[in-house]
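Here the structure is laid out as structure tokens; the discussion comes afterwards.
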Amino acid sequence: MSQAPGGPDRARRSAFLALIGGAAVALTGCVGSFGPRTIELSQDRLQEMVARRFPVDKRVLDAIDLTLDSPRVGLQPDSNRISVEVALRASGGSAIAARLAGSLLVSEGLRFEPSDNTIRLVDVRVERFVIDGLPSSWQRQLDRLGKPLARGLLEDQVLYTLRPKDVAALEGRGLRPGDLRVTSSGIEIALQPLVR
């Protein structure tokens with residue numbers, strides 16, 4: 001009986017390729033069953049979360065009432081920080097104070113707090129604090145107040161809270177939230193093995 005061209009060699013090659021193909025599909029299925037290894041929050045989502053905390057009213061220099069609003073969130077992947085710039089409007093007893101406006105720009109790091117599954121703002125730094133038209137003597141005093149004002153507004157504030165059902169789902173997969181990384185499009189929360 002004659003054999004087809006390539007006979008046993010061709011049959012072995014076909015079986016081998018089928019075996020490799022099946023193994024690749026099985027491996028892909030296993031990897032997929034573990035799900036993604038990061039949780040991503042987009043810049044738009046961050047903007048929404050920060051905007052919920054404004055407007056904010058603060059009194060400074062015992063004479064000027066500031067309203068801070070219109071926050072704009074920026075991303076700083078190189079330093080693993082985010083920035084928040086807010087518009088300032090001033091009001092007060094004097095005609096000068098009633099006409100003042102400016103801006104406050106701060107940057108902050110992020111940390112995950114496992115005790116309540118929150119992402120919090122930390123290490124708040126004032127990058128710029130300006131009130132247009134403020135007399136120079138007042139601006140110097142305002143510069144000294146900038147850091148406490150920014151810290152009071154943002155330091156250790158909750159930016160995001162993981163829902164209990166999301167935490168339970170992660171734990172069911174043997175994972176927990178870990179390091180946070182600022183990217184060019186938002187924030188990535190790395191998922192790490194759960195240590196019991």
I need a count of the residues in the stretch 167-182 that are in contact (Cβ under 8 Å) with a residue 12 or more places away in the chain and over 13 Å from Gly109 (Cα atoms). 9
Only one of Asp132, Asp179, Asp156 that is acidic (Asp, Glu) and either in contact with a Phe, Trp or Tyr (Cβ under 6 Å, 6 or more places away or on another chain) or over 25 Å from Val56 (Cα atoms) (or both): Asp179
Is there a residue in the stretch 186-196 that is within 21 Å of Arg52 (Cβ to Cβ), surrounded by 12 or more Cβ atoms within 10 Å (Cβ to Cβ), acidic (Asp, Glu) and out of contact with any helix residue (DSSP H, G or I) (no Cβ under 9 Å at 6 or more places or on another chain)? no
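Can you say whether Arg151 is among the basic types (Lys, Arg) and either in contact with a Phe, Trp or Tyr (Cβ under 8 Å, 6 or more places away or on another chain) or closer than 16 Å to Glu108 by Cβ (or both), as far as the supplied structure shows? Full working, then the answer.
Details: among the basic types (Lys, Arg): yes; either in contact with a Phe, Trp or Tyr (Cβ under 8 Å, 6 or more places away or on another chain) or closer than 16 Å to Glu108 by Cβ (or both): yes.
Yes, satisfied.
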Residue, modelled with the lowest pLDDT, within the stretch 97-143, restricted to residues that are under 28 Å from the mean Cα position of the chain (by Cα) and not in a strand (DSSP E or B): Asp143
Could you tell me whether any residue of the stretch 77-84 is modelled with pLDDT of 90 or more, touching a Pro at 6+ places or on another chain (Cβ under 6 Å), farther than 30 Å from Asp166 by Cα and in a strand (DSSP E or B)? no
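Within the stretch 112-137, can you find the residues that are farther than 16 Å from Ala150 by Cβ and buried (at least 16 other Cβ atoms within 10 Å of the Cβ)?
Residues satisfying the conditions are Phe112, Asn117, Thr118, Ile119, Leu134.
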Can you report the number of residues in the stretch 162-196 which are at pLDDT below 90 and of a type in the set (Ser, Thr, Tyr)? 0
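The values are calculated or read from the model by the stated rules, or taken from the named source; none is laboratory data. Given the structure is predicted, the values throughout are model-derived calculations rather than measurements. Cβ sites come from the backbone with ideal geometry, for glycine too, and all protein chains shown count toward neighbours.
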